[in-house]
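What follows is a set of notes on a single structure, which appears directly below.
The values are calculated or read from the model by the stated rules, or taken from the named source; none is laboratory data. Just so you know, these numbers come straight off a predicted model, no measurement behind them. Cβ coordinates were reconstructed from backbone atoms using ideal geometry, including for glycine residues, and neighbour counts include every protein chain displayed. The protein model used for the area step is the full one, side chains on, heavy atoms only, and it has no ligands, DNA or RNA in it. Shrake-Rupley method; radii C 1.70, N 1.55, O 1.52, S 1.80 Å.
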Amino acid sequence: MAGTVYLNGDFVESSLAKVSVFDRGFLFGDAIYEVIPVYSGKAFRLTEHIQRLDNSLEAISLNLNYTIEKWTKILEEIIQINGRGHQSIYIQITRGCEKTREHVANQNTLPTVLVMSSPLDVNIAELSPIKVTFLDDIRWQNCFIKTTSLLGNILLKQHASKLGFDEAILHRDRNITEGTTTNVFIVQNKTIFTPKKDQYILAGITRDVIIEISQKASIKVIEKNITLDDVLTADEVWVSSSSREISPVTQIDDKIVAQGDIGPMTKQVHQLFQTFKNQLISA
Ligand SMILES: Cc1ncc(COP(=O)(O)O)c(C=O)c1O
């Protein structure tokens, strides 16, 4: 991360942006965040990202009172300063900085607000197959909150990585939830299935776009419980996120999916996604 960041009302050079060691984000992970892709200077699904940010704030009873207009202005400035190419905007809001380390926060503490930008990997528009492993979802019960307390996700992703996999598909009682940094889709008989939104998954913005554009293209999408067996017998499997868009899964543990190829529905939805993105860029 380089360039200029927004910190508590000021635009400052990143090396000069400082947060106290008493900040509750640092001490407790008492913080939430958002990641917003920016394509050719245009923020992708900004309203939806800010709505999810507000949902996270509400879920942890953190009052911030930034309007969508205020966010839009801050982001426009950050995008402008950091160049109008593809970027990934990171927003983090903590419950603020206090004099002592107390679990119960003072209601009057001012939140810490940070916005920064990093270059977005343009190769994400290419479909690159990944290998995944199934792991027990050992995280907490409130995965719909986009919290910076990501230790559960990190331990799982590191475990998958040590085993030689790119991502883990997580499950509770043999029902899949999501990936460590992604949402999960499977295809059976030309129908797309994905777990329904609940407290155990993050409501991915990419997930919602995929559902919307697929339905518009008359592809059937069903949101329902998906078991490990459903995934193992699926015709196609992919995972989605803002940072990676769509990643086809061609191997789950030692099982090869879709004969190790990128399936036709994955290719079609990926193409729909690129068209959707390009419409935003040229609007
Ligand atoms: C746990 C988890 N699930 C799903 C997603 C996908 O969300 P989005 O499409 O909004 O990036 C992410 C992205 O960071 C994530 O961390």
Q) Which residues, counting only those in the range 239-271, are open to solvent by 50 Å² or more (accessible area, probe 1.4 Å) and on the phi < 0 side of the Ramachandran plot? A) SER243, ARG244, ASP254, LYS255, ILE256, ASP261, PRO264, LYS267, GLN268, GLN271
(Q) I need the full set of residues from the range 112-146 which are assigned to a helix (DSSP H, G or I) and either modelled with pLDDT of 95 or more or open to solvent by 80 Å² or more (accessible area, probe 1.4 Å) (or both), in order please. (A) VAL122, ASN123
Q) Restricting attention to the range 201-218, which residues are within 10 Å of the ligand (Cβ to nearest atom) and either open to solvent by 60 Å² or more (accessible area, probe 1.4 Å) or of a type in the set (Ser, Thr, Tyr) (or both)? A) THR206
**Q.** strands (runs of 3 or more DSSP E) contained entirely in the range 1-94, each with at least 1 residues that are within 16 Å of the ligand (Cβ to nearest atom) and among the polar types (S, T, N, Q)
**A.** 87-94
Q.
Give me the residue from the range 155-166 that is within 10 Å of LEU135 (Cα to Cα) and not basic (Lys, Arg) and, out of that set, nearest to the ligand (Cβ to nearest atom).
A. LEU156
**Q.** Filter pass, ASN175 being open to solvent by 10 Å² or more (accessible area, probe 1.4 Å), more than 29 Å from SER88 (Cα to Cα) and within 16 Å of the ligand (Cβ to nearest atom)
**A.** yes
Q.
List the residue pairs whose Cβ atoms are under 8 Å apart, where the first residue sits in the range 109-125 and is farther than 19 Å from THR206 by Cβ, the second is of a type in the set (S, T, N, Q) and assigned to a helix (DSSP H, G or I), and the two are 6 or more positions apart or on different chains.
A. MET116/SER14
Q) Mind checking whether some residue in the range 147-164 is assigned to a strand (DSSP E or B) and charged (D, E, K, R)? A) no
